[in-house]
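A.B. asks: Here it is, the structure in full.
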Amino acid sequence: MAPAPDSLVLSRHRDLKGQEWRITVRRALLALLGAILLAGLLNVFGQRPETDLVAAQAASLKVFAPTRARSGLVYAARFHITAHNDIKDAYLLLDPGWAEGYTVNGLAPQPLTEADRNGRLAYGFGHIPAGQSLIFFMSLQVNPTNVGHRSQNVELDDGEKPILTIHRSITIFP
């Protein structure tokens, strides 16, 4: 076997004498990276949508949107209104947490009216006959500076009269 070069000291460079702690630190950092990746796969940092459902005598409302998200995430929230009785003037009222720190990319179908009702977004859809449904999509992107916890309650009204409310919130990670 050839001798080691003069600039190498075998006990230091091959056997790592006095540097055993570096291996432990390297393994710990690799384990930490693996734990972060595993947490992401298990949806700890969000992105997968969840379904919230509330039913009342007059109607039911289903919201399909993430409750945890990362900055920059683009997603579509789905609001499914099913009228059990006639809703003469359907309105969806969304807390400011649906728009604060977000870019709203699109609404489909386009609401008949868009307004502010006591600081909440109010989208009017008009008449929904008994037994009929309306599915409303809202395309959103989380702005990179939007980090924290926000209320995203959703209320379904018939004109000014509340029918039901879904209480939900979102946590946004950097």
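A.B. asks: So what's the projected area for the chain, the Cα convex hull averaged over all directions, in nm²?
C.D. replies: 15.7 nm²
A.B. asks: Hey, quick one: spin label on Ala39, modelled 7 Å out along Cα-Cβ, who in the range 71-91 has an amide N within reach, i.e. under 15 Å?
C.D. replies: Zone members listed by number: 71.
A.B. asks: Next up: Counting only helical runs of four or more DSSP H residues, what would the 222 nm mean residue ellipticity of the chain come to if each run contributes -39,500 (n - 2.57) and the total is spread over all its residues?
C.D. replies: -4500 deg cm²/dmol
A.B. asks: Share of the range 63-174's accessible area from carbon and sulfur, percent, 1.4 Å?
C.D. replies: With neighbouring chains kept in place, the figure for the range 63-174 is 53 percent.
A.B. asks: So, one more: How large, in percent, is the carbon and sulfur part of the accessible surface of the range 1-44 at a probe radius of 1.4 Å?
C.D. replies: The value for the range 1-44 is 68 percent carbon and sulfur by accessible area.
A.B. asks: Could you sort 37-44, 164-171, 3-10 so that the peptide with the highest average Cβ count within 10 Å comes first and the rest follow in order?
C.D. replies: Final packing ranking: 164-171, 37-44, 3-10.
A.B. asks: Highest mean first, how do 88-95, 113-120, 25-32 rank when packing is the count of other Cβ atoms within 10 Å averaged over residues?
C.D. replies: Peptide ranking by packing, descending: 88-95, 113-120, 25-32.
A.B. asks: Could you tell me the largest-minus-smallest coordinate of the C-alpha atoms of the range 90-174 on each of the three principal axes, in descending order and whole angstroms?
C.D. replies: Ordered largest first, the range 90-174 gives principal extents of 43, 22, 22 Å.
A.B. asks: Let me ask something additional. Projected onto the charge dipole of the chain (+1 at Lys/Arg Cβ, -1 at Asp/Glu Cβ, origin at the Cα centre), which of Leu10, Ala35, Gln152 gives the Cα projection farthest towards the positive end?
C.D. replies: Projecting each Cα onto the dipole axis, the largest value belongs to Leu10.
A.B. asks: Ignoring ligands, DNA and RNA, what accessible area per residue does the range 27-155 give at 1.4 Å, in Å²?
C.D. replies: Solvent-accessible surface per residue comes out at 52 Å².
A.B. asks: Using only Cα atoms and rounding to the nearest 10 degrees, what angle (0 to 90) does helix 20-41 make with the longest principal axis of the chain?
C.D. replies: Approximately 20 degrees, to the nearest 10.
A.B. asks: Another question, if that's okay. Using +1 at the Cβ of each Lys and Arg and -1 at the Cβ of each Asp and Glu in the chain, identify which of Thr103, Trp21, Ala122 lies farthest towards the dipole's positive end.
C.D. replies: Trp21
A.B. asks: Measure of size requested: the Rg and Dmax of the range 24-101, with Cα atoms as the atom set and Å as the unit; please supply both.
C.D. replies: Cα only, the range 24-101: 19.3, 68 Å (Rg, Dmax).
A.B. asks: How much length would be gained if the chain were fully extended between Leu107 and Lys17, taking 0.36 nm per residue of separation minus their Cα-Cα distance, in nm to one decimal?
C.D. replies: Residue separation times 0.36 nm, minus the Cα-Cα distance, leaves 26.0 nm.
The values are calculated or read from the model by the stated rules, or taken from the named source; none is laboratory data. Quantities reported herein were computed from a predicted structural model and do not represent experimental measurements. Using ideal geometry, Cβ is built from the backbone for each residue, glycine included, and neighbour counts are taken over all protein chains shown. SASA here: full protein model, heavy atoms, side chains in, ligands and nucleic acids out. Shrake-Rupley method; radii C 1.70, N 1.55, O 1.52, S 1.80 Å.
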